[in-house]
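As structure tokens, the structure follows; a few thoughts come after it.
Computed from the coordinates by the stated procedures, all read-outs in this text should not be read as laboratory data. Keep in mind that what you see is a predicted model, and the values were worked out from it rather than measured. Glycine gets a Cβ as well: all are built from the backbone with ideal geometry, and neighbour counts include every protein chain shown.
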Amino acid sequence: MLMKAINAKIDEQIFQEFRDVVYKRTGLKRGEFTKSVESAMLDYILKYSKSESAKAHAKKMKEKTAQAKK
């Protein structure tokens, strides 16, 4: 899978809260922040995208992630 780096300016309080939630949930193990950002993006696509193919891909990726956690 190809990976893409992003650079975004985010409100400091929102970023800190997200980081704190990720830390409390995962302990900030290597790669967990990235996985959490990706999961949030997939949730957003599932909720708001009008493209059925994008939703199908997002659902497939969420299922793949869930299986990897088992």
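Loop-resident trypsin sites (Lys or Arg not before Pro) (DSSP state other than H, G, I, E or B) in the range 1-61 with no more than 11 further Cβ atoms inside 10 Å of their Cβ: Lys4, Lys9, Lys29, Arg30, Lys50. Would you please name the GluC sites (Glu not before Pro) within the chain that are DSSP coil residues with at most 12 other C-beta atoms within 10 Å of their C-beta? Of the GluC sites (Glu not before Pro), not one in the loops of the chain has a Cβ with at most 12 other Cβ atoms within 10 Å.
If you line up the long axis of helix 52-69 against the longest principal axis of the chain, both from Cα atoms, how many degrees apart are they, to the nearest 10? Computed tilt is about 50 degrees. Computed from label points 7 Å out along Cα-Cβ, the spacing between Glu32 and Met3 is 1.7 nm. So what's the angle, to the nearest 10 degrees on a 0 to 90 scale, between helix 12-26 and the longest Cα principal axis of the chain? Approximately 80 degrees, to the nearest ten.
Which entries of Lys9/Lys59; Lys35/Lys62; Lys47/Lys69; Lys29/Lys60; Lys29/Lys69; Lys35/Lys55 have Cα-Cα distances beyond 20 Å here? Table pairs above 20 Å Cα-Cα are Lys9/Lys59; Lys47/Lys69; Lys29/Lys60.
Net charge dipole, the chain: roughly 400 debye, given to the nearest 20, about the Cα centre with Cβ charges of +1 for Lys and Arg and -1 for Asp and Glu. Farthest towards the positive end of the charge dipole of the chain, among the residues Val37, Ser51, Thr65, is the Cα of Thr65, using unit charges on the Cβ of Lys, Arg, Asp and Glu. Overall dimensions of the chain, expressed as equivalent-ellipsoid semi-axes from the Cα gyration tensor (√(5λ), whole Å, largest first), are 22, 16, 11.
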